[in-house]
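Here's the structure, in structure tokens; my notes come after.
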Amino acid sequence: MIDLRLLREDPDRVRASQRARGEDVALVDALLSADERRRSSGVRFDELRSEQKALGKLIPKATPEERAELLQKAEQLKTDVKAAEAEQNDADETARKLLLQLGNIVHTDVPVGGEEDFVVLETHGTIRDFAAEGFEPKDHLELGEALGAIDVERGAKVSGSRFYYLTGVGALLELALVNAAIAQATEAGFIPMLTPALVRPRAMEGTGFLGQAAENVYHLEKDDYYLVGTSEVPLAAYHMDEIIEADKLPLRYAGFSPCFRREAGTYGKDTRGIFRVHQFDKVEMFSYVAPEDAEAEHKRLLEWEKQWLTGLELPFQVIDVATGDLGASASRKFDCEAWIPTQGKYRELTSASNCDSFQARRLSVRMRDDQGGKKVVQPLATLNGTLCAVPRTIVAILENHQLADGSVRVPEMLRPYLGGREVLEPIAK
């Protein structure tokens with residue numbers, strides 16, 4: 001959530017952010033009104049409680065005649081205090097609910113617009129000219145089936161559409177990718193983590209996934225648990241309700257987990273193969289830093305993602321995601337999009353988001369710092385970056401490194417994790 005002081009001091013900035021996101025601007029004024037009610041009801045409650053305590057000290061000293069009048073006044077004050085407390089609690093809850101609906105304040109450098117209004121920041125690698133090589137590229141599913149690596153038919157038979165099996169070299173390729181990603185992250189100073197796939201509502205709400213993203217979340221109603229769509233959720237909640245000493249920062253974690261997404265509203269898009277699926281595995285980077293270090297850490301996460309994609313020898317571009325395509329918790333997001341030959345366009349493979357103190361405020365993750373000899377406790381900043389979303393990375397590798405005979409060249413970086421294999425060969429039928 002945002003800092004309420006910012007809302008009070010600069011509501012126009014918050015309105016502009018909401019407008020840029022394409023969200024409800026009226027929410028800002030509703031929250032200002034609720035905040036004023038919350039504060040005034042708090043003052044009223046404190047005044048009545050103070051009066052009640054003062055009266056309580058007078059009663060034992062009063063004469064019998066005075067005591068009867070004071071006791072009558074005390075009964076009325078008791079009723080008034082109870083009503084004021086109920087009003088304060090109701091005002092607090094109303095303000096809290098409205099505050100949770102408000103997205104993070106977008107960074108001033110983020111391009112304004114919708115999904116297609118991103119800005120390309122960098123382009124890396126060379127797109128292959130398959131026509132010049134003398135053959136038509138196959139898509140990842142055709143290649144994967146020939147390699148004995150992907151089985152979507154049985155995935156659909158067992159679990160329904162958008163589920164799949166990775167078999168043989170497909171399973172080995174996933175394990176190679178995960179191990180290589182964890183190795184890179186560990187070398188960069190990240191602590192490897194295996195995280196829960198089921199979380200309580202507060203963890204999901206605290207990371208901002210029960211607002212605009214709620215339609216894509218799987219909820220187990222009987223147990224009131226949520227299946228995570230990314231290990232960002234359990235990693236963000238890992239230090240929930242904790243105070244971290246400033247000299248321990250930055251804290252960096254690399255989480256590996258299964259991810260579950262409904263992909264609501266996307267039927268008809270990317271339905272072939274394993275590009276957009278309901279369950280997949282992912283390696284996610286997550287950082288806790290001091291607020292003043294957040295922008296620099298954002299750039300570091302992006303550099304680690306670029307290092308990863310360069311190591312996989314994939315052509316890709318880096319984009320600055322537009323305001324209307326940001327998640328609720330991100331103030332700015334960079335995506336790395338790999339070239340997918342059979343689609344003839346770049347598609348998202350990784351992303352890096354700066355959430356500032358938005359998630360930390362919701363999850364009560366704070367830092368304690370020494371400022372001028374005084375210990376100050378304040379929210380810290382959180383950031384997240386996808387290092388390897390396995391199915392999409394497999395899609396990009398198969399299509400970009402395919403050979404004319406249907407085999408696939410293994411990028412050098414992955415060969416040590418695949419028993420030295422240099423090429424994945426189609427299986428005999």
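Values quoted throughout were computed directly from the atomic coordinates according to the rules given, and no laboratory measurement underlies them. In this text, all values refer to a predicted model and were calculated from it rather than measured experimentally. Here Cβ is always computed from backbone atoms with ideal geometry, including for glycine, and neighbour counts include all displayed protein chains.
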Kirkwood-based Rg to Rh ratio, the stretch 4-101, C-alpha trace: 1.26
Sorted by Cβ neighbour density within 10 Å, fewest at the top, the residues D29, D270: D29, D270
For the stretch 66-130, listing GluC sites (Glu not before Pro) in a DSSP loop whose Cβ sees at most 14 other Cβ atoms within 10 Å gives E115, E116
For helix 26-58, what angle does its Cα long axis make with the longest principal axis of the chain, in degrees from 0 to 90 and rounded to 10? 40 degrees
Normalised by the residues of the stretch 4-101, what does the relative contact order come to in percent, with Cα pairs under 8 Å and at least six apart? 36 percent
Taking only Cα atoms and a 10 Å spring cutoff, compute GNM fluctuations for the chain and point out the largest among A26, A181, A131. A131
Using a Förster distance of 41 Å, how high is the FRET efficiency between A246 and E221, based on the Cβ-Cβ distance and rounded to 0.05? 0.50
Can you compute the modelled spin-label distance between Q371 and D46, with each label point 7 Å from Cα toward Cβ, in nm? 2.0 nm
Go ahead and collect, in residue order, the members of the stretch 217-256 whose backbone nitrogen is under 16 Å from a label point 7 Å along the Cα-Cβ direction of S364. 237-244
Two decimals, Cα atoms only, Kirkwood Rh: what is Rg/Rh over the stretch 292-353? 1.01
Percent RCO, i.e. relative contact order, over the stretch 347-386, from Cα pairs under 8 Å lying at least 6 residues apart: 52 percent
Taking the chain and dividing mean pair separation by its residue count, relative contact order in percent (alpha carbons under 8 Å, at least six apart): 20 percent
Angle between the Cα long axis of helix 11-21 and the longest principal axis of the chain, 0 to 90 degrees, nearest 10? 30 degrees
³J(HN,Hα), Karplus 6.51/-1.76/1.60, whole Hz, each residue of the stretch 402-417, x for Gly, Pro: 6, 10, 4, 8, x, 7, 10, 6, 8, x, 4, 4, 8, 4, x, 8
Report the label-to-label distance for R154 and K299 in nanometres (one decimal), using points 7 Å from each Cα along the Cα→Cβ vector. 4.9 nm
Output row, site D24, 7 Å Cα→C-beta label point, backbone N cut-off 18 Å, window the stretch 103-125, residues 103-105
Cα centre as origin, Lys/Arg/Asp/Glu Cβ charges: the chain dipole, Debye: 1000 debye
Going residue by residue through the stretch 107-113, the Karplus relation 6.51 cos²θ - 1.76 cosθ + 1.60 with θ = phi - 60° gives ³J(HN,Hα) values, rounded to whole Hz and with x marking Gly or Pro, of 5, 5, 8, 6, x, 8, x
Return one number: the angle in degrees, 0 to 90 and rounded to the nearest 10, between the long axis of the Cα atoms of helix 390-400 and the longest principal axis of the Cα atoms of the chain. 30 degrees
Expected unfolding gain across D129-L175 under the 0.36 nm per residue rule, minus the alpha-carbon gap, is 13.6 nm
Amide H contacts of S351 (H built 1.01 Å from N, under 5 Å, at least 5 apart or other chain): C336, T386
Test of understanding: ordering Y164, Y417, Y253 by Cβ neighbours within 10 Å, fewest first, what list do you get? Y417, Y253, Y164
From phi via Karplus (6.51, -1.76, 1.60), per-residue ³J(HN,Hα) for the stretch 281-290 in Hz, x at Gly/Pro: 9, 8, 9, 10, 8, 9, 10, 10, 9, 5
